[in-house]
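Asker: Supplied in structure tokens, the structure appears directly below.
Each reported figure results from applying straightforward, stated rules to the coordinates on display, with no laboratory input. Note that the coordinates shown come from a computational prediction; the quantities given were computed from them, not determined experimentally. We place every Cβ from the backbone using ideal geometry, glycine too, and count neighbours over all the protein chains shown.
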Amino acid sequence: MKQFVVIGLGRFGSSIARTLYNLGYDVLGIDNNEEIIQALADSITHAVQADATDENTLKALGVRNFDVGIVSIGQDIQASILVTLILKELGIKFVVAKAQSELHGKVLYKIGADRVVFPERDMGVRVAHNLVSSNILDY
Ligand code: ATP
């Protein structure tokens with residue numbers, strides 16, 4: 001069974017973390033905001049308050065043993081880049097990172113992200129496809 005570590009538990013990260021946990025997976029969530037950690041504590045396997053840009057903290061949490069890492073920090077580009085790099089250097093096979101701009105996405109790929117998502121853009125594309133492929137516009 002795959003194990004997931006989700007870093008940054010804002011709207012996007014917490015949604016991924018809860019969904020994976022509800023699907024039966026082991027989910028470690030990390031965020032530096034204590035309130036966010038408390039709010040999620042009962043909804044995922046482990047919720048830990050920590051600054052994820054600190055490599056030693058991630059090592060101590062055993063992050064290297066996880067199969068998939070999700071970096072869901074958007075606004076703080078520096079933190080997003082540092083965390084993505086650390087996860088790859090720790091040896092996590094598959095790292096998904098959220099980008100807030102094309103350039104941010106390019107950097108994430110260059111430093112080793114296996115997949116980069118642009119939540120608003122990707123969802124816009126999906127909704128558009130959905131609108132024309134379902135029959136709701138045919139009435
Ligand atoms: P969303 O759209 O998913 O709500 P966002 O991009 O608006 O997210 P951000 O401010 O990027 O939100 O942060 C997402 C989460 O990441 C926040 O809960 C924030 O506390 C957390 N976070 C930011 N920096 C770090 C860090 N260095 N270590 C751990 N968590 C962090």
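Asker: Tell me, yes or no, whether region 86-93 has at least one residue that is within 22 Å of Ile36 (Cα to Cα), exposed (fewer than 14 other Cβ atoms within 10 Å of the Cβ), under 16 Å from the mean Cα position of the chain (by Cα) and touching a residue at least 12 places away in the same chain (Cβ under 8 Å).
Answerer: no
Asker: In region 113-126, what residues are touching a strand residue (DSSP E or B) at 6+ places or on another chain (Cβ under 8 Å), among the aliphatic types (A, V, I, L, M) and within 15 Å of the ligand (Cβ to nearest atom)?
Answerer: Within region 113-126, Val116, Val117 meet the criteria.
Asker: Need at least 2 residues that are within 13 Å of the ligand (Cβ to nearest atom) per element, so show me which helices (runs of 4 or more DSSP H) inside region 1-112 make the cut, counting only ones lying wholly within it.
Answerer: 11-22, 34-40, 55-60, 77-89
Asker: Scan region 46-54 and tell me whether some residue there is buried (at least 20 other Cβ atoms within 10 Å of the Cβ) and acidic (Asp, Glu).
Answerer: There is no residue in region 46-54 that is buried (at least 20 other Cβ atoms within 10 Å of the Cβ) and acidic (Asp, Glu).
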